[in-house]
Amino acid sequence: MTSRETSVALGFEYYIAPLPSRWRRSLRLARQNPVGTLSLVVVLGLLLSAVFAGQLAPYSPTAVATGLRLEGPSGEHLLGTDQLGRDVLSRMLYGARVSLRVSFLSVGIGTLAGAVIGMISGYFGGWLDLIVQRVMDIVMSIPAFLFALVIVAALGTSSTNVLIAIAVVLIPGTSRVMRAVVLQVRSRAYVEAASASGASGMRVIARHIVPNAIDEMLILASVALGAAIIIEAALSFLGLGAQPPEASWGKMLAEGRGVYEKGPHMVWIPSIVISVTVLAVNMLGDSVRDILDPKVRGGSETRF
């Protein structure tokens, strides 16, 4: 007698529902791409650490203890203390809030703005496309970090201005990619039929162009995130980002530079965290690109 027959004989019957197809696909992708899965776990862990920094931090990030300056890692201070006796672990957790918030928001804003500009430019074409693309050419001819540096110098030193600078830097590249996607989709029969039926340009973009561009937007955002983290850390290192007593990874690295001989952990800890974060984000971006690439999926999927 099978277990199912036994359960029926005992007066009850169990039923194990199959996993939804989306969950099965997610599990299959996780098994096929362990590096991407590990990267996702690391990124999610960093995000949760930033969100719950107030609960995870053992001390206040601004609490000064002059008698404990530049102490190495110990049981009381797991990552040691800085030149003012502040707990490094607490400052790293609160610094994650600043660094990751600026990076994620700047990538989101820059990708969205660039996508809108690229879609409008590519769909309507003509003199509008010519002007927009020449402006994008000028912006792209300037090195990204130098352009961000100029923007922050003009707006003033703050983490908000760093966010704005990174977002502006990301717009031209995203605009170019989205323009190429629009030019490819615009020539398809269903888009031409929608235009011929009297649909407005904005309706065609929203109904037919955007669904075909979402995958590209996700890939661009995931790839750009690593660069945004580096730019934010570099600007904070130069003193143009978060201002004291606010903590950020780049600012902590700058503070540790002057006391490296007495407290090398002040340099190594933020350097390792920044490196691991950028590596995890880049590997996650590569995994997202592989998953969404039609050649990897085994065929193209057009949404309309």
Inset, instruction - Report the relative contact order of segment 46-178, percent, no decimals, based on alpha-carbon pairs under 8 angstrom and at least 6 residues apart. - result: 25 percent
Legend entry - Quarter of Cα convex hull surface for segment 148-196, i.e. mean projection, nm²: 4.7 nm²
Inset, instruction - Using the 2.2 N^0.38 Å rule of thumb for compact globular proteins, work out how segment 21-125 stacks up: its C-alpha Rg over that value, please. - result: 1.60
Inset, instruction - Could you work out the relative contact order of the chain, using alpha carbon pairs under 8 angstrom and six or more residues apart, expressed as a whole percent? - result: 21 percent
Legend entry - Pair Val135, Ser60: separation of 7 Å Cα→Cβ label points (nm): 4.7 nm
Legend entry - D_trans [Stokes-Einstein, Kirkwood Rh over alpha-carbon pairs] for segment 55-181, 10 °C, 1.306 mPa s, µm² s⁻¹: 92 µm²/s
Inset, instruction - Output ³J(HN,Hα) for segment 72-85: one whole-Hz value per residue in order, computed from phi by the Karplus curve 6.51 cos²θ - 1.76 cosθ + 1.60 with θ = phi - 60°, and x for Gly and Pro. - result: x, x, 8, x, 7, 10, 4, 10, x, 10, 9, 5, 10, x
Legend entry - Residue-averaged 222 nm ellipticity for the chain, from DSSP H runs of 4+ at -39500 (n - 2.57), nearest 500: -23000 deg cm²/dmol
Legend entry - Cα convex hull volume per residue for segment 79-126 (Å³): 69 Å³
Legend entry - Probe 1.4 Å, protein heavy atoms only - accessible area per residue of the chain in square angstrom: 54 Å²
Legend entry - Descending semi-axes in whole angstrom, ellipsoid equivalent of segment 108-168, from the Cα gyration tensor: 25, 13, 8
Legend entry - Charge tally in the Cβ shell below 14 Å around Ser121, where Lys, Arg are +1 and Asp, Glu are -1, Ser121 excluded: +2
Legend entry - Percent carbon-and-sulfur accessible area, the chain, ignoring ligands, DNA and RNA, probe 1.4 Å: 66 percent
Inset, instruction - Bin all alpha-carbon pair distances of the chain at 20 Å intervals from 0 and give each bin's fraction as a whole percent. - result: 27, 45, 22, 6
Legend entry - Summed residue charge, Cβ within 9 Å of Gly95's Cβ, Lys/Arg positive, Asp/Glu negative: +2
Legend entry - Selected from Ala96, Ala206, Ala113 as most flexible by GNM, with the chain as the system and alpha-carbon contacts under 10 Å: Ala206
Legend entry - Cα convex hull volume per residue for segment 182-284 (Å³): 124 Å³
Legend entry - Rg to Rh, two decimals, where segment 237-285 supplies the alpha carbon set and Rh follows Kirkwood: 1.05
Legend entry - Most mobile of Val169, Val259, Val288 in a GNM of the chain (Cα contacts under 10 Å): Val259
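The values are calculated or read from the model by the stated rules, or taken from the named source; none is laboratory data. All figures in this text were calculated on a predicted structure; none of them were measured in a lab. All Cβ positions, glycine included, derive from the backbone under ideal geometry; neighbour counts span all protein chains shown. The protein model used for the area step is the full one, side chains on, heavy atoms only, and it has no ligands, DNA or RNA in it. Shrake-Rupley method; radii C 1.70, N 1.55, O 1.52, S 1.80 Å.
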